[in-house]
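Novice: I have a structure here, written as structure tokens, and I will follow up with some questions on it.
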Amino acid sequence: MSSDVFLRTDTPPTVPAQKVGAFKPGLLLHESHHLCPGCGEPLAVRMMLEAIQELGAAQRTIGVVGIGCYTTFSGSLDVDVIQALHGRAPSVATGAKRMRPECLVFTLQGDGDMVNEGLQEVIHTAARGENVTCVLLNNGVFGETGGHMTATTAIGQRTKTSLDGRDSAYHGHPILIGDLLAQLDGTAYAARGSVHNAAGVAQVKRMLRRAFETQLHGEGFSLVEVLTMCPTGWFVPTAQGPGYMNEVLGAVHFTGELKADGTLVTTRELIAAAERRAAAQQQRADAEGT
Amino acid sequence: MSRRLMEGSEAMAESAIAAGCRFFAGYPMTPFTELLEHFAKKLPGSDPPGVCVNAESELEAVGMAWGALATGARAATGSTGQGLALMQESFSEITRAELPLVIFNMARGQGDYFQATRGGGHGDYRHIVLAPIDIGEAVELTQLAFHLADRWRNPVMVYGDYLLAHTSEAVEVTPIAVDPLPPKAWAVDGSRGGSGHSRNVNPLGMEKGRAGIDPEAFWNRLAEKHAQIAATEMRVEAEACEDAELVVVAYGTPAKFVRYVIRELRRQGARVGYVRPITLWPFPGDALARAVRHARRVAVFEQNAGQMIDDVRLAVLGAAPVEAIGGISTDKSGFGVGALLDTERIRERITRVLPGQEVHA
């Protein structure tokens, strides 16, 4: 996981520097969509398309798109797409992969799609070790219907169906889907990233590449969960989206690799390790200060 | 392939694989279970090798078949009434995605006629429903199901039951003659990525490269297709109707009992005829209307509280009185093999409604 933190600066970068916002990704047919300002989904999708292109897999990719705001990409991604029902993408991906094992098959689902409606599907697909990659765009809210509570909504988070904030006694607890899937033997790779800042976006791309490589090597099921901003569904000003996400969702759905190379790390352990790092840093700062 | 004694489930699986079915997914449920078993046994060793997944639920079974179909493979799923009820949402969407799904419905009797012909899913959609009378016909109709599904890019259901799935007949799986089909240019194989011509198998009417959807035009196009299917794919078996005073309508395996009795009564001089819809949808209403032209009475034998009788009445349009002579009849398990499936009882019920015979009833 340390490779995510350190960037090599002793050699020139393999890819020349480029303006991220200045061009349309190659695997996008048009830029028209109906997503709101400040939405994090296009960022995550962009990283996914770049990862596919960098791996040279564009001519053998099949995407299975769920139902949510991101369904708009079903018509604009320049890769073969099967549009699935809400929650059912992992099964559809299973059928497609079994008939086209040479293809890179991914699902694109939201938290309502994967963790609410389709929880059973994704669990069984992972347990089967199905050689597909499920990509979760997790914003902790039903964005398309206008901001309702999902199974990943953080405790205290306000939604239209938890107006005073999610109360565990009344609404139950959020599901850490990454942890749930990582512990299954069929899962080869599981990671959770966030697109709230540039480092997070870059990390998400590395995770997606890693997941796709896992699939291309035939190692089994892979999951990349991406926290994406939804200021509209959270009822916060657009500019506050990334900060709100990092503080509210990011605190619960803490980012990092949950399973890689056979090593399982729980979200709780990720948080504990981050706290230890912060404490050590504080100690060093204090020592330097004295 | 030679003639062999086969259980109906095995014969249908053999026939499906011979027709090129390469993917099957299902969830065990009586009396469908054996069909799944046979696919699980036969598909991996077929040439080319196929895949059978023992899915974790009916919802997943139909989803897997959906994905396999989208790649252009011939694929099928199945269950019995309850399991098919779980699949209805996907059935609707698969119809809208214009995918050639074949559904094996091993029903618990005939109580699922409405489910099969009306469907329980959302929106305007139609499935071709083929109801074989016996295993020999099931072998043919299974192949026809795959052909028609591809021909129309529309789901086709094979409506069988406990008797069809669990009894055995000596049958031979011989290919049926069919017209050539166009290539599946719509299927996804991943190869078009980045070319600007990638594909989209989509139930919402979304098209690649075009923003937004036009549901009204899309749904109208599907309705037009279903009207064409209704006009061209009716299949029916009719016997001895030309001078029949009584025409008995029945479908599926119970129709074999009815046909036996009708032939017996004919030999004895009774002016009785018989009509069997082979396609439950499109219902062969025109053929039925012609068959009952001279009839004084129409009787419907079905093992339920009265479902197909609605379609019979719509076809007959008051030209003759239509009477129900079947009814709910099942064994204790509820699988539909009831006491009414008996030629003596059926003979008694038919005789009771023979014009001129009422006084003896």
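The values are calculated or read from the model by the stated rules, or taken from the named source; none is laboratory data. Please read all numbers here as calculations on a predicted model, not as lab measurements. In this analysis, Cβ positions are derived from the backbone assuming ideal geometry, glycine residues included, and neighbour counts consider all displayed protein chains.
Novice: Can you name the residue in segment A:150-181 that is buried (at least 24 other Cβ atoms within 10 Å of the Cβ) and outside any loop (DSSP other than H, G, I, E, B) and is also farthest from the chain's Cα centre (by Cα) among such residues?
Specialist: A:181
Novice: If you check B:177, B:185, which single one turns out to be among the small types (Gly, Ala, Ser), more than 30 Å from residue A:60 (Cα to Cα) and either in contact with a strand residue (DSSP E or B) (Cβ under 7 Å, 6 or more places away or on another chain) or part of a loop (DSSP other than H, G, I, E, B) (or both)?
Specialist: Testing whether each residue is among the small types (Gly, Ala, Ser), more than 30 Å from residue A:60 (Cα to Cα) and either in contact with a strand residue (DSSP E or B) (Cβ under 7 Å, 6 or more places away or on another chain) or part of a loop (DSSP other than H, G, I, E, B) (or both) leaves just B:177.
Novice: Would you please name the residue that is nearest to residue B:3 (Cα to Cα), looking only at residues in segment B:136-146 that are out of contact with any Ser or Thr (no Cβ under 7 Å at 6 or more places or on another chain) and not charged (D, E, K, R)?
Specialist: Here is the first cut: in segment B:136-146, the ones out of contact with any Ser or Thr (no Cβ under 7 Å at 6 or more places or on another chain) are B:136-138, B:140-141, B:144-146.
Okay, now just the ones that are also not charged (D, E, K, R), so B:136, B:138, B:141, B:144-146.
Numbers: B:136: 11, B:138: 15, B:141: 17, B:144: 20, B:145: 22, B:146: 22 Å.
Taking the candidates together, the pick is B:136.
Novice: Same structure again: Considering (1) over 22 Å from residue B:33 (Cα atoms); (2) in contact (Cβ under 8 Å) with a residue 40 or more places away in the chain; (3) in contact with a helix residue (DSSP H, G or I) (Cβ under 6 Å, 6 or more places away or on another chain); (4) surrounded by fewer than 23 Cβ atoms within 10 Å (Cβ to Cβ), say which one residue B:122 fails and leave the rest.
Specialist: All conditions pass for residue B:122, except number (2).
Novice: May I pose another question? Tell me, please, whether a residue that is surrounded by 18 or more Cβ atoms within 10 Å (Cβ to Cβ), aromatic (Phe, Trp, Tyr), more than 14 Å from chain A (Cβ to nearest Cβ) and under 29 Å from residue B:15 (Cα atoms) can be found in segment B:238-252.
Specialist: yes
Novice: Got a number for residues in segment B:54-66 being at the interface with chain A (Cβ under 7 Å from one of its Cβ atoms) and crowded, with 24+ Cβ neighbours inside 10 Å?
Specialist: 5
Novice: Just to be sure I understand, how many residues within segment B:273-310 are touching a Pro at 6+ places or on another chain (Cβ under 8 Å), under 22 Å from residue B:105 (Cβ atoms) and surrounded by fewer than 23 Cβ atoms within 10 Å (Cβ to Cβ)?
Specialist: Summing the residues that are touching a Pro at 6+ places or on another chain (Cβ under 8 Å), under 22 Å from residue B:105 (Cβ atoms) and surrounded by fewer than 23 Cβ atoms within 10 Å (Cβ to Cβ) in segment B:273-310 gives 2.
Here is a yes/no grid of residues against (1) away from every other protein chain (no Cβ under 12 Å); (2) more than 19 Å from residue B:15 (Cα to Cα):
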{"position": "B:41", "(1), (2)": "yes, no"}
{"position": "B:48", "(1), (2)": "no, no"}
{"position": "B:70", "(1), (2)": "no, yes"}
{"position": "B:114", "(1), (2)": "yes, yes"}
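Novice: If only one of B:281, B:186, B:219 is touching a residue at least 24 places away in the same chain (Cβ under 8 Å) and within 14 Å of chain A (Cβ to nearest Cβ), which one is it?
Specialist: Sole residue among the options that is touching a residue at least 24 places away in the same chain (Cβ under 8 Å) and within 14 Å of chain A (Cβ to nearest Cβ): B:186.
Novice: Same structure, new question: Filter segment B:1-35 for residues that are more than 14 Å from chain A (Cβ to nearest Cβ) and either in a loop (DSSP other than H, G, I, E, B) or polar (S, T, N, Q) (or both) and give the result.
Specialist: B:1, B:2, B:3, B:9, B:15, B:19, B:28, B:29, B:30, B:31, B:32, B:33 - these are the residues of segment B:1-35 that are more than 14 Å from chain A (Cβ to nearest Cβ) and either in a loop (DSSP other than H, G, I, E, B) or polar (S, T, N, Q) (or both).
Novice: Across segment B:81-97, what is the total count of residues that are away from chain A (no Cβ under 12 Å) and not aliphatic (A, V, I, L, M)?
Specialist: Matching residues across segment B:81-97 total 4.
Novice: Quick one: count up the residues across segment A:113-136 that are of a type in the set (Asp, Glu) and more than 11 Å from chain B (Cβ to nearest Cβ).
Specialist: Filtering segment A:113-136 for residues of a type in the set (Asp, Glu) gives A:113, A:117, A:121, A:130.
Imposing the further condition that a residue be more than 11 Å from chain B (Cβ to nearest Cβ) reduces the set to A:113.
Counting residues in segment A:113-136 that are of a type in the set (Asp, Glu) and more than 11 Å from chain B (Cβ to nearest Cβ) gives 1.
Novice: Can you pull out every residue in segment B:165-202 that is surrounded by 23 or more Cβ atoms within 10 Å (Cβ to Cβ) and more than 19 Å from residue B:18 (Cα to Cα)?
Specialist: Matches in segment B:165-202: B:188, B:190, B:193, B:198, B:200, B:201, B:202.
Novice: Return only the number of the condition from (1) over 30 Å from residue B:152 (Cα atoms); (2) modelled with pLDDT of 95 or more; (3) in a loop (DSSP other than H, G, I, E, B) that residue B:349 does not satisfy.
Specialist: The number of the failed condition is (3).
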